[in-house]
Structures are given as structure tokens and as C-alpha cells.
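Since the structure comes first, as C-alpha cells, the remarks are kept for the end.
The values are calculated or read from the model by the stated rules, or taken from the named source; none is laboratory data. Computed from a prediction, not measured in an experiment: that's the story for all the values here. Please note: Cβ atoms are built from the backbone with ideal geometry, for glycine as well, and neighbour counts cover all protein chains shown. Only protein heavy atoms, including side chains, enter the accessible area calculation; ligands, DNA and RNA are left aside. Shrake-Rupley method; radii C 1.70, N 1.55, O 1.52, S 1.80 Å.
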Amino acid sequence: MVSVTLSEASRSRSKKVCVIGAGPSGLVSARELRKEGHKVVVMEQNNDVGGQWLYQPNVKEEDPLGSVPTNGALKVHSSIYSSLRLTSPREIMGYSDFPFLAKKGRDMRRFPGHKELWLYLKDFSEAFGVREMIRFNVRVEFVGEEDKNEDVRRWIVRSREKLSGKVIEEIFDAVVVATGHYSHPRLPSIKGMDFWKRKQVHSHVYRVPDPFRNEVVVVVGNSMSGQDISIELVEVAKEVHLSSKSLDITSGLSKVISKYPNLHLQPQIECLKDDGRVIFVDGSWVVADTILYCTGYSYKFPFLESKGRVEVDDDRVGPLFEHTFPPPLSPSLSFVGIPRKLIGFPFFEAQAKWIAQVLSGKLSLPSSDQMLQSVADFYRSRDLAGVPKHNTHDIADFTYCDKYADYVGFPHLEEWRKLLCLSALDNSQENLETYRDCWDDHELLQEAMQSSHFTNFNS
């Protein structure tokens, strides 16, 4: 890895920093930036903290397939559905100094519902005084470089107050983009999709199963959400057909399909027909009322004008040095929360610390050329490993998280945290319907609760 050194040339200096988004990555970024003495303004388009975890039940105004309007702004940010529960145990999810504890009078389950994580984020923002830095109901419409001074890069941030419509333009020394990556639907390209006359929706706007009562539903995508939603739909739908890229499924999913006679596993879709038929690649077909796409999400930054220096190419955001800094624009522009498939909160915290300390001069980045070469090497390694471009930021590697932490002297992931994560994953693959409530990792859990992460925390 490219080395990052302490900066001797520059003493700690305060910057005016705009953080876009008050979700898990934006909140911890704001805290770490203020710790380093920066003046922080967080701009949040909704009326509370939480980002993705701020549940939005009303999706009537959103396009069923999440098509983006001309201004590039979706009406609904959250893709959380009503019954969603965490897929990881609460013990592994907390920030380093703020464990995600079960609280009396709230959802005390190890795998709680989405509201409990939102309440945790509210608790965090209040405990560390983050809320006072946030402007709510403010949508960022434009971020671009100021042209006045070539020696010092500064950023124009134009925002609009959602209630009054008032537009504000400000200058910041740095911008941290923390807008999440589960809002803009990613859709497959299927022959006949544009002309199919029946209902097509993306899981971004799925909230409850009732609208699908007595319907024949084809669920596209065998992701965790695709599986969860399919299991929920079988209780009300006439038939549920889960279309998967691979028919080589886990034993957990196999058990569920055996249990429910109206749940069927299907291969990928070949095409859609005007008469309502959904034709699968093996030649079989069903007449469906609805197609529900659980096909993931894309990265989009409609407000960012980077003059081509940061682009999204088939969900590869880049070039980004360690998924964080665009070399030509660093360190004044950075991204938190781009990587997926990792233990998010501790990683976001490490990112936030790194950004804050680079901006204050405590740490310095390699040269732009070195960073670009590092990105090129990373892309090449992903290509050689056969990783599709759209999965560039899917990390799924504890070792990488630990190497990243070394940049800023952040502690490595605790062994118990890694093992609890793997234990939950293994259990979900064997016991898809019950893994959140039945587990056998009691010794690991005891080890976790006796660790300093929990014992040092004074609640």
C-alpha cells in the first residue's frame, strides 16, 4: 500500500467543511472533523438524522422504478421497508466508542428492526453534539470548484431550503460527500421491459406486502432483500417466483422454498411479453401481475460538477484513492461510505478520522501520481480476479479494513467482531427464516460483551 505520513510542513489548521448527508457516514464525519478543530456544516435533505435508516413510509410520489427526475433528485431517499430487520447482530455495528446497546423499552433483539438503528444514530448525534451542526430540510443542488484562486482550492456549495425554496450559495474549504448508496435503483436490461403493460416496481419503493395480495409476483434478484421480501410476500400473494442468476442456492433458501408451496425458484428472465408473460431463459414462463426488482442500487452524485475528474462508470466511482480521495481534487473533496460489504460503522469512522486529520495537516497524502497509480493497480487486481466493474467497491475483506485503519492509527477490527459477523452469515445461509432469532454463538457473544468496547462504555 502507498504510505501516508505525518505532515511536518503544515501545522494543524481549521477548515470550513461541508458534509453532505446526516446518515451513518455523515454523522461520524462531522464528529471527527469537529474533533480536529474544523468548522462543520452538515446539509441534510430530510427532517432528521439517519439517512437510509430514517424510514419513509409514504412512497406515493416516487416513480415505481425510481426514475430520476430532471433535477436528479429522488423524492424518497430511504429504501427501508416496514418489516426490515438487521442482517448483522447489533454487537458488531457500533462506532468504536459508542456501542449499539440494547435499551429497556426499545427493541432489545440482537437483530432489531430498522427503527432501533435509527434511534441509535439519534443517540449518537445527541451524545456528541452533532445535531447542532446539521441544517435539516436542505437539499444540495450544486458542488463545484471556485475559480477565483488557483493556489487554494475552494468549493461553491449551492443548496435549497425545501420548505421555503430559498437558495443559498456558500464557499467551503472542503466538501465531504456522505450521501449513501442505497437510494438510486439499479435496473437490469430485459427485452420487452419498456413495453410490458403490467406493474413493475423496484424494491426502493417497496414498504409492505398488502398491495400484492392475491397477485402473481416475480421477484428479480436473489439478494438478502430479495429473499426477505419474497418470504414476506408468500403470506399474501397467490404465487411468488424468485428469479435468480444462479439456481445453486443456499440450504437456507432451499428450506424456505420447500416450506411454501406458492414460492418458486426460477432462472433469469429472457424477455417480457405484451400479454403479461414473463419468459425465463429455460423456456418456462408465468403470467405475472407484478415484477418486483430487487436488483440493487447505483452510485449517483447529481449535484457534483467535477469537470470529469470524478465519474461513475458502471457503478465504479473514480478514480478514488482507497475509495475515499479523488487524486486530482484531494484532499478538499472526499467521499465517506462508498465501500460495501464490510462492517460499515467502524470503517466509516476510520475514513472520517483520516479525512479530518489530512485536512488539519496532521497527515498528508501521497502525490497525485502515486495515488492514481495505486487506483490503477487496484482496478487491475479486480479485473484479474474477475470482479465485474459494478462490484468495484464490494470489499468483503477484513484484511483491507485493517490495512485502511493503519493509515490513521485506528484500531483493527476486534477478532470477536469479525467472528460474530461470519457466524451470522453462516447461520443465515443455513437457517434463512430463523437466523435472527436462533443462534449458537453464545461464547462469542460473551467474549464480545466482556471486551473493552462494552466494558469501557459508561452508559
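Note on segment 157-167: residues that are without any contact (Cβ under 8 Å) to a residue 60 or more places away in the chain and either crowded, with 17+ Cβ neighbours inside 10 Å or not assigned by the TED database to the domain that holds VAL140 (or both) total 1. For segment 207-233, give me each residue that is of a type in the set (Lys, Arg) and surrounded by 15 or more Cβ atoms within 10 Å (Cβ to Cβ). ARG207 - this is the single residue of segment 207-233 that is of a type in the set (Lys, Arg) and surrounded by 15 or more Cβ atoms within 10 Å (Cβ to Cβ).
If you take the residues of segment 405-448 that are touching a His at 6+ places or on another chain (Cβ under 9 Å) and open to solvent by 30 Å² or more (accessible area, probe 1.4 Å), which of them is farthest from PHE348 (Cα to Cα)?
GLU414
Each residue in segment 185-206 was checked for being open to solvent by less than 80 Å² (accessible area, probe 1.4 Å) and assigned to a loop (DSSP other than H, G, I, E, B), and 8 pass. Filtering segment 231-271 to residues that are free of Cβ contacts under 8 Å to residues at least 24 places away in the same chain and hydroxyl-bearing (Ser, Thr, Tyr) leaves SER254, SER258.
In segment 14-42, the residue that is least open to solvent (accessible area, probe 1.4 Å) out of those that are basic (Lys, Arg) and in a strand (DSSP E or B) is LYS16. When VAL176, VAL152, VAL140 are screened for being in a loop (DSSP other than H, G, I, E, B) and either in the same structural domain as LYS16 (by the TED database) or among the aromatic types (Phe, Trp, Tyr) (or both), only VAL152 passes.
As for segment 182-201, it holds no residue that is polar (S, T, N, Q) and closer than 18 Å to CYS18 by Cα.
Touching a helix residue (DSSP H, G or I) at 6+ places or on another chain (Cβ under 6 Å), under 30 Å from MET449 (Cβ atoms) and either open to solvent by 20 Å² or more (accessible area, probe 1.4 Å) or not hydrophobic (A, V, I, L, M, F, W, C) (or both) - does that describe any residue in segment 356-378? No, segment 356-378 has no match at all.
Of SER67, SER96, SER78, SER88, all but one fail to be in contact with a strand residue (DSSP E or B) (Cβ under 9 Å, 6 or more places away or on another chain), of a type in the set (S, T, N, Q) and either open to solvent by 30 Å² or more (accessible area, probe 1.4 Å) or not assigned by the TED database to the domain that holds ALA352 (or both); the exception is SER67.
Hey, can you tell me all the residues within segment 272-297 that are open to solvent by 50 Å² or more (accessible area, probe 1.4 Å) and either basic (Lys, Arg) or in contact (Cβ under 8 Å) with a residue 60 or more places away in the chain (or both)? Within segment 272-297, LYS273, ASP274, ARG277, VAL287, ASP289 qualify. For segment 342-357, a residue qualifies if it is part of a helix (DSSP H, G or I) and in contact with an Asp or Glu (Cβ under 8 Å, 6 or more places away or on another chain), and the qualifying residues are GLU349, ALA352, LYS353, ILE355, ALA356, GLN357. The residue of segment 207-230 that is farthest from the chain's Cα centre (by Cα), among those that are within 21 Å of HIS264 (Cβ to Cβ) and part of a loop (DSSP other than H, G, I, E, B), is ASN214. One residue stands out among those in segment 271-316 that are touching a Lys or Arg at 6+ places or on another chain (Cβ under 9 Å) and aromatic (Phe, Trp, Tyr): the one that is farthest from SER334 (Cα to Cα), which is TRP285. Inspect segment 425-437 for any residue being at pLDDT below 95, more than 22 Å from the chain's Cα centre (by Cα) and closer than 20 Å to ILE343 by Cα and give the result as yes or no. No, every residue in segment 425-437 fails to be at pLDDT below 95, more than 22 Å from the chain's Cα centre (by Cα) and closer than 20 Å to ILE343 by Cα.
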